[in-house]
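Derivation of every value follows stated rules applied to the coordinates shown; laboratory data play no part. Predicted model, so just to flag it, every value in this text is computed and none were measured. Here Cβ is always computed from backbone atoms with ideal geometry, including for glycine, and neighbour counts include all displayed protein chains.
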Amino acid sequence: MRRRDFITLLGGAAAWPLAAEAQQSAMPVIGWLDPRSSNVSAELLRRFRQGLKEIGYVDGENVGIEFRWAENQIDRLPQLAAELVRRPVTVIAASGAANPALAAKSATSTIPIVFIVGEDLVRLGLVGSLNRPGGNLTGINLFSVELSAKRLEILRAFVPNATRVAVLVNPANATNAEVTVRDARAAAGSMRLQIDVFNASTIPEIDAVFATFERERPDAVFVGPDPFFLSRRVQLAHLATRHAIAASYSSRDYVEAGGLVSYGSNIADAYREFGLQVGRILKGAKPADLPVVQVSKLELFANASTARMLGLTIPPTLLSLADEVIE
């Protein structure tokens with residue numbers, strides 16, 4: 001082999017990894033911004049990836065995901081959002097609550113942001129309208145915070161003589177907590193229920209709240225919809241049973257963990273829609289023109305075993321309405 005040919009061959013070989021690296025860098029990257037920790041979101045991530053796959057994107061093949069988890073420290077979200085903007089990612093998937101979406105919105109006005117939020121999006125300033133969001137944000141709207149009245153009715157059906165209900169909220173998720181308390185108090189007035197608000201934003205604080213129930217003895221507990229509470233669903237369900245108190249929750253995950261009853265949006269299906277919406281952005285849709293998807297399917301779940309342990313009976317009206325009664 002001639003020396004010139006040998007040098008050319010070496011040059012081509014050296015170019016192979018460079019070409020591969022260039023191809024990899026051309027792959028779109030989703031920046032995942034979440035207030036929770038990675039170990040509580042495996043099923044939701046699976047459904048998100050399912051939605052991506054349905055629209056033509058497979059994680060690790062033609063799209064990448066860069067994760068940023070706040071580990072339940074809400075004040076870290078702005079810093080994590082800024083990291084994703086510097087990366088820079090193709091689109092930010094703001095998961096878990098309004099806080100990630102608001103942090104991402106503050107960090108960039110150019111990178112598309114897709115959110116999944118259970119609050120009033122226009123009031124929060126995330127979009128101009130649901131049909132035409134405007135700006136660089138669009139996403140999925142859950143019905144969760146707005147369901148306080150119905151969830152109180154369901155809780156009252158289990159405990160007909162209830163007069164005092166403890167409402168548990170996470171003060172670190174201030175906007176969500178404020179709306180939950182406001183709606184619960186408004187609904188409680190027509191039911192002649194007294195609402196007592198309890199705050200918890202850490203694991204020890206949840207334990208402390210339930211310890212106070214030994215003295216306070218509320219008739220039931222209304223657990224507000226919150227990503228941190230969802231991550232602590234086993235702890236919450238266990239404490240409610242141990243303290244022999246009826247409790248209602250916002251999603252079936254709590255009931256599967258031993259909680260008494262839940263009423264709310266189908267979260268798993270919402271995360272599949274979340275993946276589809278991010279995929280639409282990757283295919284070239286503009287957030288300003290992409291309508292927010294409203295998840296309208298609501299589900300009622302009850303746990304018969306937990307009801308028996310608490311000495312309660314699932315009311316016949318709820319049995320007929322329940323999507324599933326877990327034994």
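Points to keep in mind about this one:
- Converting phi to 3J(HN,Hα) with the Karplus coefficients 6.51, -1.76 and 1.60 and the offset θ = phi - 60°, the range 241-252 yields 5, 4, 8, 6, 10, 5, 9, 10, 9, 9, 8, 5 Hz in sequence order, with x at every glycine or proline.
- 3J(HN,Hα) from dihedral phi, the range 69-79, Karplus parametrisation 6.51/-1.76/1.60, rounded to Hz, x for glycine, proline: 10, 8, 6, 6, 10, 4, 5, 7, 4, x, 5
- Contact order normalised by residue count of the range 258-327, Cα under 8 Å, 6+ apart, percent: 42 percent
- All C-alpha to C-alpha distances of the chain, sorted into 10 Å bins beginning at zero, yield P(r) values of 6, 25, 30, 19, 11, 4, 2, 2, 1, 0 percent in whole numbers.
- Between the amide H of G31 and those of E66, T90, V91, I92, A93, distances stay under 5 Å, these residues lying 5 or more places away or on another chain, with hydrogens modeled in the peptide plane.
- The range 90-149 shape via C-alpha gyration tensor axes, a/c threshold 1.5: prolate
- Other residues with beta-carbon under 12 Å from the beta-carbon of V223 carry, at +1 per Lys or Arg and -1 per Asp or Glu, a net charge of +1.
- Rounded to whole Hz, the Karplus (6.51, -1.76, 1.60) HN-Hα couplings of the range 112-120, x for glycine and proline: x, 10, 10, 10, 9, 9, x, 10, 6
- The tail of the calculated P(r) for the range 110-211 beyond 19 Å holds 55 percent of all Cα-Cα pairs.
- Gyration tensor (alpha-carbon) shape descriptor, the range 183-227, a/c threshold 1.5: oblate
- GNM flexibility winner over the chain from A174, A103, A270 (Cα, springs under 10 Å): A174
- Taking amide H atoms as placed 1.01 Å from N in the peptide plane, the amide H of V197 lies under 5 Å from those of V167, each 5 or more residues away in sequence or on another chain.
- With Cα atoms, 0 to 90° folded angle of helix 267-282 axis to the chain main axis: 30 degrees
- Shape class for the range 164-272: rounded, because the ratio a/c of the largest to smallest gyration tensor axis (alpha-carbon atoms, square roots of eigenvalues) is under 1.5.
- For the chain, averaging the sequence separation of C-alpha pairs within contact (under 8 Å, six or more residues apart) and dividing by the residue count gives a relative contact order of 19 percent.
- Extension gain (nm, one decimal) between D269 and R132, 0.36 nm per residue minus Cα-Cα: 47.0 nm
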